[in-house]
1. In region 12-42, which residues are surrounded by fewer than 17 Cβ atoms within 10 Å (Cβ to Cβ) and either under 23 Å from residue 116 (Cα atoms) or of a type in the set (S, T, N, Q) (or both)?
2. Take the residues of region 43-63 that are outside any helix (DSSP H, G or I) and touching a residue at least 24 places away in the same chain (Cβ under 8 Å): which is surrounded by the fewest Cβ atoms within 10 Å (Cβ to Cβ)?
3. Condition test on residue 116, is it in a loop (DSSP other than H, G, I, E, B), open to solvent by 40 Å² or more (accessible area, probe 1.4 Å) and in contact (Cβ under 8 Å) with a residue 12 or more places away in the chain?
4. Looking at region 97-154 only, could you name the residues that are over 24 Å from residue 191 (Cβ atoms) and among the hydroxyl-bearing types (Ser, Thr, Tyr)?
5. Of all residues in region 119-138, which are in contact (Cβ under 8 Å) with a residue 40 or more places away in the chain and within 24 Å of residue 50 (Cβ to Cβ)?
6. May I ask you to list the residues in region 143-183 that are in contact (Cβ under 8 Å) with a residue 40 or more places away in the chain and either polar (S, T, N, Q) or open to solvent by 40 Å² or more (accessible area, probe 1.4 Å) (or both)?
7. Give the number of residues within region 148-168 that are at pLDDT 95 or above, among the hydrophobic types (A, V, I, L, M, F, W, C) and not in a helix (DSSP H, G or I).
Amino acid sequence: RSGCAAAVDLGTTTVVARLYDLASGAEIATESGWNAQAPYGADVISRIRHETEWEEHRNGPNPLQQAIAKQVSAMLAGLLEQAGIGDVDFLSLTGNTTMMHLLCGLPGEHIGKAPFIPATLEPMRLPAADLGIASQAPAFLLPGISAYIGADIVASLLAADAHRSQPPFLLVDLGTNAETVLCASGTLYACSAAAGP
């Protein structure tokens, strides 16, 4: 397949975007930066609290959703400029469950309190422009596993071939939220804990 695709990891503290050549799989360009939502809180609970307050008053557009969409748009523009192309063929977006909710403008209130039920964990395919991202490409959002085991872990497990038979291994993601997954005998055991920004 020809063309280019961008993969974006929406970390709570850091956002990273990479541009790939679809034919060769080669990485063409990279952009990264501090998450633009940081003024609304350093951790997911603070951002959920801020988003919940916004939901109660609905004073204008959702600032958390706007901040991350604007940042992804700027990073994508940087990637395209480095590569000398006009747009990508598609975007793949991943992050923890709260970050995915904030990107989509979904209410995160129930992620922050027991019994910790997200609005959705389903994969999504929609125009990037529907998310406020400046691109004509479709956006693919990976599925999550639970309120605190997100799409970023799904992406890591796919990259580690966890769906294939192999010796037991431990996958550890040390981010603002730290997730650990033990893959053994075809079963995946996952847990998470706050690690700090």
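The values are calculated or read from the model by the stated rules, or taken from the named source; none is laboratory data. Please read all numbers here as calculations on a predicted model, not as lab measurements. Every residue, glycine among them, receives a Cβ derived from its backbone with ideal geometry; neighbour counts consider all protein chains shown. SASA here: full protein model, heavy atoms, side chains in, ligands and nucleic acids out. Shrake-Rupley method; radii C 1.70, N 1.55, O 1.52, S 1.80 Å.
1. Hits for region 12-42 are 13, 14, 24, 30, 32, 38, 42.
2. 43
3. Yes, satisfied.
4. The one that is over 24 Å from residue 191 (Cβ atoms) and among the hydroxyl-bearing types (Ser, Thr, Tyr): 135.
5. Of everything in region 119-138, those that are in contact (Cβ under 8 Å) with a residue 40 or more places away in the chain and within 24 Å of residue 50 (Cβ to Cβ) turn out to be 131, 132, 133.
6. Of everything in region 143-183, those that are in contact (Cβ under 8 Å) with a residue 40 or more places away in the chain and either polar (S, T, N, Q) or open to solvent by 40 Å² or more (accessible area, probe 1.4 Å) (or both) turn out to be 145, 146, 148, 176, 177.
7. Result for region 148-168: 1.
Table: residues versus (1) of a type outside the set (Ser, Thr, Tyr); (2) in contact with a Gly (Cβ under 9 Å, 6 or more places away or on another chain).
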| site | (1), (2) |
| --- | --- |
| 6 | yes, no |
| 20 | no, no |
| 53 | yes, no |
| 69 | yes, yes |
| 82 | yes, no |
